[in-house]
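To start, the structure itself, in structure tokens.
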Amino acid sequence: MTDQANAASVGIVKHGKILLIKRALAPYQNLWTFPGGRMDDGETIEQCAIREVQEELGLLVRNPRHVMTQSLGRDGTYRLAVFTTTDYSGTIRPSEEIADYKWADPGMLLALRTTSRLDDVIRECFRVLGQNW
């Protein structure tokens, strides 16, 4: 369920590839992952997901579909709701939080230092969208 989540990320899919960002700052500095971050007071988890992508990449995400919610951090401080979508608009303009970005296909993933089990999360995003990874 997304009701206990306090952070969100979004796997954006286009033409069989998924958009990954390389974090410039802690936590997860220099690791490849999805854009996302912590929830602000008064927003829903879906609003958090949309806002974080807009802040980090300048993209407007629409119709985010819930994929999973997972605990992060040694003490489970964060409950991350992962969303996915193919519905977005805009041009990528990375913020200072983003060291790099790329549209990744399955063959690229092994060469990247990613957040834990990102390959499983990506596969689940594609499953929710009814696509193969």
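The values are calculated or read from the model by the stated rules, or taken from the named source; none is laboratory data. All of these numbers come straight from a predicted model, not from anything done at the bench. We place every Cβ from the backbone using ideal geometry, glycine too, and count neighbours over all the protein chains shown.
Annotations
- Restricting the search to strands (runs of 3 or more DSSP E) fully inside the stretch 24-94 and requiring at least 1 residues that are among the polar types (S, T, N, Q) gives 65-72, 78-85.
- Taking the listed residues D40, D87, the one that is surrounded by fewer than 14 Cβ atoms within 10 Å (Cβ to Cβ) and under 17 Å from K17 (Cα atoms) is D87, with no other qualifying.
Listed here are the residues, each with its yes/no results for (1) within 19 Å of W103 (Cα to Cα); (2) surrounded by fewer than 19 Cβ atoms within 10 Å (Cβ to Cβ); (3) modelled with pLDDT under 95; (4) over 12 Å from the mean Cα position of the chain (by Cα).
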site: V13; (1), (2), (3), (4): yes, no, no, no
site: Q47; (1), (2), (3), (4): no, yes, no, yes
site: L60; (1), (2), (3), (4): yes, yes, no, yes
site: H66; (1), (2), (3), (4): no, yes, no, no
site: R74; (1), (2), (3), (4): no, yes, yes, yes
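- Residue in the stretch 66-92 that is nearest to E55 (Cα to Cα), counting only those that are touching a helix residue (DSSP H, G or I) at 6+ places or on another chain (Cβ under 7 Å) and not small (G, A, S): I92
- Residue match in the stretch 120-131 (condition: part of a strand (DSSP E or B) and modelled with pLDDT of 95 or more): no
- Count of residues meeting criterion [of a type outside the set (V, I, T) and assigned to a strand (DSSP E or B)] in the stretch 2-23: 10
- Restricting Q54, Q70 to those that are at pLDDT below 95, surrounded by 15 or more Cβ atoms within 10 Å (Cβ to Cβ) and either under 15 Å from the mean Cα position of the chain (by Cα) or basic (K, R) (or both) reduces the list to Q70.
- The listed residues are L31, L129, and the only one of them that is touching a residue at least 40 places away in the same chain (Cβ under 8 Å), within 21 Å of N6 (Cβ to Cβ) and surrounded by 14 or more Cβ atoms within 10 Å (Cβ to Cβ) turns out to be L31.
- Residue selected from the stretch 95-119 under the condition of a type in the set (S, T, N, Q) and either outside any loop (DSSP other than H, G, I, E, B) or without any contact (Cβ under 8 Å) to a residue 40 or more places away in the chain (or both), by the criterion surrounded by the fewest Cβ atoms within 10 Å (Cβ to Cβ): S116
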